[in-house]
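Okay, structure first, notes after.
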Amino acid sequence: MNDSPGWASPGSAPSDGDNSGTPPVSEPPERAHASSKWSQDQPPAAQWSSPGAGQSPPPPGWAGPQQGHGGWGQVPGQPPGGNWNQNYGRLPAAKPGVIPLRPLGVGEILDGAVSTARAHWRTVLGLTLAVAVVSQVAQLAATRFLLPEPATIDPGATGPEALSQALDSLQSSLLALMPSVIIGQFATLFTTAVLALVASRSVLGRPVSSGEVWTEARPRLLSLFGLLGLLIVMFSAVTAVGVLPGVLLGGGGGAALAALGGLAACAVTLWLYVRFIFAGQALMLERQGIRQSLRRSAKLTNGSWWRIFGISALAWLLAVIVAMIIALPFTAIAMAVDSTSFDSILNGSTPDFGWSYLIISGLGGVIASAVTYSLVGGVTALLYIDQRIRREALDLELARAAGVPGHANPGS
């Protein structure tokens, strides 16, 4: 553990299963005795007599019997390590930053993501706004200059002609979505990986500036772009394999085959997305290579796919709701300004969006994307930390790095 916004790979060997250059970390004593839930720093046996007159005072770090309980409480001001509450369980974990240093619940992960964005709002907002502006400009350029003209629909068409026009319109709509989906997904993966550097400081309760994040991220950017490009190609290839046969076949049967293949491709893509969701964090924080980062993510998600999927889906749902609330007023203003597009929608024809509509709606998209990136990125970073706490006792390393009493480095 170091003082940079990220950290190297403390305790990564138990999940890696490969020779990544990081020495293996032995099982911490607290985890080795987790089944019994008893601390090694227990008071002398003579102090465990029943409460009554003449009983000797408890040793330092132990409080007297609690009213209505009969166990031992915590002495105010004493460090949490080795103390026990009235139910003979571990006292609340240390919380030097936005999360307690222990395995996290869903609410704690969501709250920690929001707290990270609030505590480092200048750094988070600067990063997400910059990425959102670039992605929106790229989507705007792709929509305006790269996509073909939308398919025309004849309202009076019937029978096979109407079906053919509907299929052409569906194909045109799917093609129009591709640039936005690819660019948006690339931007999301990028900000998720870089925001892990902010989260790594936030959990320690330390400040971090945009300059520090840039200094830490800059040597890894080339590898990060390579990793994200590989993931996008992987997802696109799976989608093409599922949809392309139906598209080539054409007609009603081809449309049905493309729909079934698309559903299967979405399922496989989703599985791969969750399996490799921590690859960016492994690359940025643990300084792994591209292949090692993919393997590292697969190890961390193994056996926890559904939990990670559920929490990530909840974060995306909340982010989409917030983004819609932000973007809707801008879309309404854009339609009011660009009356041609609004009239086209009312007439049932395909709208030809002008520059005024694209610019105003794009501004709303920038703000909505910045909020989405910060929430999803924060949740993913804390999920990564949570998985390492559960698998590798990373909470002990974080407590030492944060200077929590009772967690000093051995030999210091």
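The values are calculated or read from the model by the stated rules, or taken from the named source; none is laboratory data. Just so you know, these numbers come straight off a predicted model, no measurement behind them. We place every Cβ from the backbone using ideal geometry, glycine too, and count neighbours over all the protein chains shown.
Quick notes on this structure:
- Restricting T239, T269, T331 to residues that are touching a Gly at 6+ places or on another chain (Cβ under 7 Å), in a helix (DSSP H, G or I) and of a type in the set (S, T, N, Q) narrows the list to T331.
- Look at segment 289-302: where a residue is of a type in the set (K, R) and modelled with pLDDT of 95 or more and a partner is surrounded by 20 or more Cβ atoms within 10 Å (Cβ to Cβ) and not in a helix (DSSP H, G or I), sitting 6+ places away or on another chain with Cβ atoms under 9 Å, you get R295/Q288; R296/S9; R296/S12; R296/F278; R296/E286; R296/Q288.
- Boolean, L230 is surrounded by 21 or more Cβ atoms within 10 Å (Cβ to Cβ) and either among the β-branched types (V, I, T) or closer than 14 Å to G280 by Cβ (or both): no
- Test: residue in segment 337-344 that is surrounded by 19 or more Cβ atoms within 10 Å (Cβ to Cβ) and either in contact with a strand residue (DSSP E or B) (Cβ under 9 Å, 6 or more places away or on another chain) or at pLDDT 95 or above (or both): no
- Scoring G377 on the criteria (1) over 30 Å from S293 (Cα atoms); (2) at pLDDT 65 or above; (3) of a type outside the set (V, I, T) leaves a single failure, condition (1).
- When segment 102-118 is filtered for residues that are surrounded by fewer than 21 Cβ atoms within 10 Å (Cβ to Cβ) and among the hydroxyl-bearing types (S, T, Y), only S115 remains.
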